[in-house]
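Heads up, the thing below is written out as structure tokens.
The values are calculated or read from the model by the stated rules, or taken from the named source; none is laboratory data. Treat the numbers as computed from the prediction; the structure is a model and nothing was measured. Reconstructed Cβ throughout: ideal geometry from the backbone, glycine too, with neighbour counts over all protein chains shown. Each accessible area value is taken on the protein alone, full model and side chains, heavy atoms only, with ligands, DNA and RNA left out. Shrake-Rupley method; radii C 1.70, N 1.55, O 1.52, S 1.80 Å.
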Amino acid sequence: MENTIIVTGGAGFIGSNFILQSIERDSTSIVNLDKLTYAGNLRNLEAVANERRYEFVHGDIADRTLVRRLLERRKPPAIVHFAAESHVDRSIRGPDDFIRTNVDGTFALLEEVRAYWGNLAGQERIDFRFLHVSTDEVYGSLGPEDPPFSETTPYSPNSPYAASKAASDHFVRAYHHTYGLPVLTTNCSNNYGRFQFPEKLIPLMILNARDGKPLPVYGDGQNVRDWLYVEDHCEAIAAVLARGTVGQTYNIGGWNERRNIDIVETVCDLVDEIAVPLGAPRRTLITFVKDRPGHDRRYAMDATKIERELGWRPRETFESGIRKTVRWYLENEEWVRDVTSGSYRQWIETHYSS
Ligand code: NAD
Ligand code: TYD
């Protein structure tokens, strides 16, 4: 068997960081299966585009014939499944694509992987892994004094996005329990870093702040998220893939809870420091807007299990990670221009029009 892993959704934010990191770290070859939705961007992978150990396959995880042929052709020892619709606000406006990709797509992938794995023998069958990348949002919302989510917290998804990810997590679990498929699931908190599509909080705020546009904070801005630098997340996934116990789930987090308003103020101050100054501090651009329906109040992750069992802990501090991230968005104008044309503008206009 070749040492080639299949990554789904590798042209997105986390998947592309994972591919770049993996190719740099060791001798792994990677096939990236991605549909290239609005969130997929091959520019993220320019550094490896001509690399012998990297192949891009344009396609849908729900296309079973394509997936079957790919598995037969490349015979991977592992699959890392990132592909998903990932934006809560879009799931509220139109959940269909979330069911199609996150639920039906994951199911289709599991079926083809089960057939492929069923035909493996000996050590190859024992060593095979299907790693499913999921989110902390499946656990629902915490009160201010609640302990953080652990791997045993009951699922309580509140948004269509969270419900679709929870459904996919359950299917992955069931394929292990029923068929013995060697799966691993990771549930991670909010990521930030380079290549994140600027519909998400941090890149949206960086770019609006740069341009002197209003900074739309939902509700009272007191919602809390746990933030993890994307490269730390990718290292955690690599650790789970290499050393995780089959059938287990691992919570991944940054030990870094912050209120949204504090995140936005930090971004304002950094943009003031690094970009061309405006007439007034960028904090004056902060505008409180109508809240997201069903907006979860607080997420927090207890990531002791992955530290105890696999020795992983985040390396980046929030202060250094957010500074790198702001700098990256300000220095990569071409990337930004590329992704903020066309359908992006339309989303911003429709979503923030009220
Ligand atoms: P993203 O939206 O940036 O990228 C998703 C990628 O999947 C895109 O390249 C897209 O083209 C591709 N894709 C979508 N539908 C597809 C389909 N049917 N077939 C093949 N490819 C398809 O997402 P992201 O932020 O990189 O998130 C990756 C994974 O991590 C998701 O499963 C998400 O639920 C999970 N996650 C994300 C975060 C976060 O903060 N971004 C946190 C925890 C977990
Ligand atoms: P987001 O980046 O969409 O991630 P998620 O909803 O998956 O946590 O949003 C992070 C937080 O920021 C969330 O509480 C919603 C809030 N938010 C705003 O206040 N304004 C915005 O324009 C966006 C996109 C998000």
Cα-centre dipole for the chain with unit charges at Cβ (Lys and Arg positive, Asp and Glu negative), debye to 20: 440
Cα convex hull of segment 45-107, projected area averaged across orientations, nm²: 5.6
The chain, accessible area per residue, ligands and nucleic acids excluded (1.4 Å, Å²): 43
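Give the ranking of 210, 345, 74 by solvent-accessible surface, highest area first, calculated with a 1.4 Å probe. Don't jump to the answer; show the numbers that get you there.
Numbers: 210 70, 345 140, 74 40 Å².
From most accessible down to least: 345, 210, 74.
Report the calculated FRET efficiency for residue 96 and residue 75 (r = Cβ-Cβ distance, R0 = 30 Å), to the nearest 0.05. Before the final figure, lay out each step's value.
On the way: r = 34 Å, r/R0 = 1.13.
Efficiency for this residue pair is about 0.30.
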Long-range tail of P(r) for segment 289-354 (Cα pairs > 17 Å, %): 71
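Give me the Kirkwood hydrodynamic radius of segment 21-176, using the inverse of the mean 1/r over all pairs of distinct Cα atoms, in Å to one decimal. Don't skip to the answer; put the middle values down first.
On the way: mean 1/r = 0.0581 Å⁻¹.
That comes to 17.2 Å for segment 21-176.
Would you mind getting me the FRET efficiency between residue 338 and residue 24? Use the beta-carbon distance for r and R0 = 25 Å, nearest 0.05.
Calculated transfer efficiency: 0.60.
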Residues of type aspartates and glutamates that residue 305 reaches as a straight line, Cα spacing below 20 Å, ignoring anything fewer than 8 places off in the same chain: 136, 137, 146, 151, 169, 226, 231, 232, 235, 257, 316
Accessible carbon and sulfur surface of segment 70-208 relative to its total accessible area, %, 1.4 Å: 51
Residue with peak Gaussian network fluctuation, the chain [Cα springs, cutoff 10 Å], from 84, 242, 166: 242
GNM result for the chain, Cα springs below 10 Å: residue of 104, 291, 232 fluctuating most strongly: 291
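Over all directions, the average projected area of the alpha-carbon convex hull for segment 234-298 comes to how many nm²? Could the numbers behind the result be given before it?
Values: hull surface 30.4 nm².
Reported value for the Cα convex hull: 7.6 nm².
Would you work out the Kirkwood radius for the chain? I mean one over the mean of 1/r across all pairs of different Cα atoms, in Å.
On the way: mean 1/r = 0.0481 Å⁻¹.
Hydrodynamic radius (Kirkwood, Cα pairs) of the chain is 20.8 Å.
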Amide H contacts of residue 247 (H built 1.01 Å from N, under 5 Å, at least 5 apart or other chain): 183, 184
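Per Stokes-Einstein, at 4 °C and 1.567 mPa s, what whole-number D in µm² s⁻¹ belongs to segment 15-59, with the Kirkwood radius over Cα pairs as the hydrodynamic radius? Show your work: numbers first, answer last.
Details: Rh = 10.7 Å.
Calculated translational D: 121 µm²/s.
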Principal axis dimensions, segment 3-102 - Cα atoms, whole angstrom, descending: 42, 28, 18
Nearest 10 degrees, 0 to 90: helix 230-243 Cα axis against the chain principal axis: 20
Antiparallel DSSP beta bridges within the chain, percent to nearest 5: 10
